[in-house]
Structures are given as C-alpha cells and as structure tokens.
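**Q** One structure follows; several queries about it will come next.
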Amino acid sequence: MLKNLYHKIKNFHFILLPVFFMLHVNNFYYGLIPGDIMVRHSFAYTALTISVFLFAQFYYRDLVKSCLFSFIALGYFFGFGSVKDFLAESHTLSRLSSYRLMLPLVFIMLLSLLIYLKKSSRSFNRLTTFLFIAISVNLIIELVFLTKNIVNKNDIKNDLGDPELTMVKNFTPCDTCVQPDVYFILFDEFTSSRCLKQYWNYSNDTLINYFRDNHFFVSEKSHSNYSFTTFSLPCTMEMQYLNLPPGYTEAGAIDLARGQYTLFNNAVVNIFEKQGYIFHNYSIFDMKNHPAYNGIYFDKLTDLFISDETLFGRTMRDIGWNLSNPFVRNQRKRDSLAHVETFNIRDPYVKKTLADAKDAVRAQDPAKKDFFYFHFMLPHDPFIYDSMGNPRSFGYMDIKLRYLDQAKYASKILIDLVNYIKANSKNKAVIILQGDHGFKSWPGEENFEEKAFENLNAVYLPDENYTNYYDGVSPVNTFRLLFNHYFHTNYDLLQDKSIQLFFKPDLKKIYGIRQKNS
C-alpha cells in the first residue's frame, strides 16, 4: 500500500519546492519575518507553482514531464538569488553574475529544457525518484531546524538590547511623583543647528530662537549613537548600547531587522506602562501590543528577505528601476516622472503624520497619563519639498541644498506641532525633539560618516529644571535623564559616544535602489 502511495506522489516532487524554500528562509531569519508577510509570499508562490504546472501539463500532456519541467523551472526561480551571490563572490566566475549573461542564459536553458522534454521518449523514472528523495530529505532537515528554533526560543537571540528587560523588572512605580504627559517627537535625519552652520554656512536662527524663547534645553553638541535608524532608535528606547559582536563594523539587512526586533519590546515603553501611562504609537515601527498607526515604514526590509532569493525579486531589486516609465527614452524625463511618483507617495504620508499627531494631541484626556511617540520622515530623503513645503520641481540640484530646503520645512512643521502641544497641554507636557541621526549623503567629502552623527536634540520640561542636562548629551541617555527627573530612578548615565558602522553590500543594493528612485 505504501509502495503504491509512493509511486503516486513521487511525481509531484515540485510541490515540495516552495514549501522547502519558505521553511529555509524562515529558519535562516527565524523570528524576524512577520507572519503576514510569510503568508502572503506562501500564497503567491503556491499560485506560481500551480500556474507553472498547468502550463507544462497543457504543453506536454504528460504528467512525468510536466512535473519534471515544473521542478527545474521553479528551482531556477527560487535558487536564482543564491546562485547569483555565489557567482558574484567567486574570483573566477564573477563575470557570469552579470544580468546581461544570467537572464538570457536562464531563458535559453528553460527553453531548451522545454523542447528537449517534448522530444524525448525517456521515462525519467530515476531522475524523478532522485528529485523526490532529495527534496524530501532537505525538507526534513529544515523541519528539524524549525523544531530546534521553536524549542530553544531562538527568536530571542535577535534582541540586541536586554531581552530579559532587567531595567523594567527592577523599576518600582512612583506614586508620589509628578507625572506629566510626554511627547517624543523624532524627525528622521535632522542634523544639529551647529552642523548646519559649520557645513552649510546656514544659521538656523528660526529654530534656535524658538527653542530659547520657549525655554527648551538644547544639546548643541549632540551626536547620535548610531547612524542607522534601526540601530539608533533601539539604543534610545532600550537606554543602552546594542550588544554587537566584537569587531563589528558592517551592518547588513539582517542586522537592521534585528534592530527592529529589539525595538519591538523596548524598556522605555514598558517602564511608562508600568508607571501607568498609556502609549500612543505614531512611529514607523510596530511595538508589542501597539501597532504603528500609520503602518510600518520599513516593512520592505523583511519582505526582501524572501523575495530577494527569487528570480523575480532579485531582478526587480537590482535593475527593476529600468522598468520605470520604459517608453520614455529621455533620461531626464524619466527621472522627472519618477520624482513626481515619489512625491505622490510620500507627501500624503507626511501630511497624515502631522494631522494624526494634532488629532492625538487634541483628543488627549487630561485625566490620563500619556506617552506619545511621533515619527516624521523629514528631512530624510527623498528631497521633494522646497523650504516652504511646496512640491520641489525636479532638477539635478546639489543634494546638500535640497536637504537644507527640506530641513527648513521640517523646522516649520516642528514649530507648528510644538506650539499645538504647548497650547493644548498648557505648557505642562514634556516635549522631546530629536533626530535619530544626521545628514548622511556627503558625496565625495572626507569624514562624512562622522558628520552623519550630528543630530537635533532638544527637550522641554514643564518645571524648566535642567540641572542634570549637559551639552553633548546623546539619545542613549534621553530617557535615563527623564526617568531620573520625574520617577526618581537614579539611573547612571552612560558614556556619550557614536559607533561608526558601514553598510554591507546587500544594504547598499537595497538603499541604492531607493535613492535612485527618489
């Protein structure tokens, strides 16, 4: 009976390919890929598998040949990324990794296979048996790895902070303390006024005077602790430097995903909640029990963990931008159209972030204690605004000047929102304003990575007691100082330092595509 069952199912070896592929990716990135992304890709690859088989069956009218063609074609599809990486890293075969060679070669091989199987009179019984056994063994291996990951709770190893949440466990709520509402407002890639003066020769007097007139403390010499958003923010919200391997100098896509994982269940939000605060997540990241109101901005990163391994996903990542407006031959015209498309996507997002922030401030219940986190993707690229917030017409203007204009517009949004908060809270709320890092696009300039750390860092305390604040305080100490001030925690302050890291090739590819489209 089992023998008969085996002979019936062995031809359908190709069905196990997408199952093996998804299990392998899940094990490699265990705990980092959200379930909804896994499900979406699983449905897509199931549909692809069925479509390839139906095409082959229509062409061959032969079950064995249809299954064999489906297995090999899907093998090309799911294994393309790994093969391309292998060729690119090989000293002798690197030239073969060119898309000009690989894509035509894949097409020729599949076409040749299609024709060969059609003309062949062989039974292919041994090959079918081999493929079924091979994919079954590999599938069993992946299932063993999955079991080990689940039993050993290996997803916790992705946490670069304190997965045990020691500071949270040791925190004792303070019943007699003053407990103001807290607004943490982050402007992505907002550099310091000091940096604008030094490297742009621009005096940001509007913002400087506003902070002075409204009694903010400003850390003029502030430097972010990391120059990547998904490292900088976990550092701030965990109130500690990330636990990275010794000699760690380059960050890849998987590392940034681990940063997001660390942020998901961070110490700051947990301490606020233990103190009785309600957390309102208007950031660009999901956090435990608090999904981002505006959606996840970096969801593409974990999506690429799956799609980048495939023929379609890798090709679209690397050269897909060539397909943008393919019927427009003039490069400047194509870039202009891409710029308009980018504006139409980003502008509503920025406007909605500001509108949602004001709605949240207006709806705040004075009888409750609230911690708000607003995250503006400004003045971060793409640089689509002029200094007044109007759409910037496309042009090859110097990137530093485009950034400066967008920083001016970001300053206007900042002042508008802070005025709104102060008016609604009657100056009784804590307001923290920060850039997660500084301007990072310094083409051809020396020490550009060092400049990338200089960031906006200002805080308003209702009692205006800034005794323990000092010029040069960095984001890692932001909430240590705040909790010491209001909740009497007596946390030691950490050394303020910036840790210089670089992009690995996979991140250069991902961010290179994004910048080209901007």
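Readers should treat all values here as calculations from the given coordinates under stated rules, not as data from a laboratory. None of the values given here were measured: they were computed from a predicted structure. Virtual Cβ from ideal backbone geometry, glycine too; neighbours counted across all protein chains shown.
**Q** Going by how many other beta carbons lie within 10 Å of each one, how would you line up Arg392, Arg40, fewest first?
**A** On the way: Arg392 19, Arg40 13.
The fewest-first ordering by Cβ neighbours comes to Arg40, Arg392.
**Q** In nm, what is the difference between 0.36 nm times the number of residues separating Leu401 and Asn125 and their Cα-Cα distance? It would help to have the intermediate numbers written out before the result.
**A** On the way: separation 276, 0.36 × 276 = 99.36 nm, distance 6.67 nm.
So the extension gain works out to 92.7 nm.
**Q** Moving on to the next point. Can you tell me the 0 to 90 degree angle between the C-alpha axis of helix 16-28 and the longest principal axis of the chain, rounded to 10?
**A** Once rounded, one gets 30 degrees.
**Q** Cα centroid distance between the range 182-200 and the range 146-172, in Å?
**A** Between the Cα centre of the range 182-200 and that of the range 146-172, the gap is 33 Å.
**Q** Something else now. How far, in nm, would the chain grow between Ser97 and Lys368 when pulled straight, counting 0.36 nm per residue and subtracting the alpha carbon separation? Let's see the in-between values first.
**A** Numbers: separation 271, 0.36 × 271 = 97.56 nm, distance 5.93 nm.
Length gained, Ser97 through Lys368: 91.6 nm.
**Q** Give me P(r) over the range 2-156, computed from all C-alpha to C-alpha distances, binned every 10 Å, as integer percentages.
**A** Going out from 0 Å in 10 Å bins, the range 2-156 shows 10, 31, 35, 20, 4, 0 percent.
**Q** Let me ask something else. Considering only C-alpha atoms, what is the centroid distance from the range 12-53 to the range 63-127, in Å?
**A** Using only Cα atoms to place each centre, the spacing works out to 19 Å.
**Q** Rounded to the nearest 0.05, what FRET efficiency do Asn468 and Ile278 have when you use their Cβ-Cβ distance and R0 = 30 Å? It would help to have the intermediate numbers written out before the result.
**A** Working: r = 27 Å, r/R0 = 0.89.
Plugging the Cβ-Cβ distance into 1/(1 + (r/R0)^6) gives 0.65.
**Q** Neighbour counts of other C-beta atoms within 10 Å: give me Glu454, Glu273 arranged from fewest to most. Walk me through the numbers before you get to the answer.
**A** Working: Glu454 26, Glu273 16.
Arranged by neighbour count, lowest to highest, Glu454, Glu273 become Glu273, Glu454.
**Q** Here is a follow-up. Which of the residue pairs Lys84/Lys118; Lys369/Lys426; Lys274/Lys369; Lys400/Lys451 have a Cα-Cα distance greater than 18 Å in the structure shown?
**A** With Cα atoms farther than 18 Å apart: Lys84/Lys118.
**Q** With a 4.7 Å Cβ cut-off, tell me which Cys residues in the chain come up empty for a partner.
**A** Cys67, Cys195, Cys235
**Q** Moving on. Relative to the longest principal Cα axis of the chain, at what angle does helix 35-60 sit, 0 to 90 degrees, rounded to 10?
**A** For 35-60 against the chain, the angle is about 20 degrees.
**Q** While we're on this one: What whole number of Å gives the distance from the Cα centroid of the range 231-267 to the Cα centroid of the range 476-496?
**A** 20
**Q** Under the √(5λ) rule applied to the eigenvalues of the Cα gyration tensor, what semi-axes describe the equivalent ellipsoid of the range 99-239? Give them in Å, descending. Each step should come with its number before you reach the end.
**A** Values: eigenvalues 703, 181, 23 Å².
So the equivalent ellipsoid measures 59, 30, 11 Å along its semi-axes.
**Q** Considering only DSSP beta bridges whose two residues both sit in the chain, what percent are antiparallel, to the nearest 5?
**A** Expressed as a percentage, antiparallel bridges in the chain total about 35.
**Q** Also: One quarter of the convex hull surface, Cα atoms only: what value does that give for the chain in nm²? Don't jump to the answer; show the numbers that get you there.
**A** Values: hull surface 117.7 nm².
Projected over every direction and averaged, the Cα hull of the chain covers 29.4 nm².
**Q** How far apart, in nm, are two points set 7 Å out from the Cα along the Cα-to-Cβ line at Ser441 and at Asn152?
**A** With each label point 7 Å from Cα toward Cβ, the separation is 4.2 nm.
**Q** What is the dipole size for the chain, taken about its Cα centre, with +1 at each Lys and Arg Cβ and -1 at each Asp and Glu Cβ, in debye to the nearest 20? Let's see the in-between values first.
**A** Details: 55 positive and 50 negative charges, 526 e Å.
The dipole of the chain has a size of about 2520 debye.
**Q** Note down the magnitude of the dipole of the range 2-156 about its Cα centre, charges +1 on Lys and Arg C-beta and -1 on Asp and Glu C-beta and zero elsewhere, to the nearest 20 debye. The partial results should precede the final answer.
**A** On the way: 15 positive and 6 negative charges, 138 e Å.
So the dipole magnitude of the range 2-156 works out to roughly 660 debye.
**Q** For the pair Thr206 and Lys504, how long in nm is the line joining their label points, each one 7 Å along Cα→Cβ?
**A** Computed distance between label sites Thr206 and Lys504 equals 4.2 nm.
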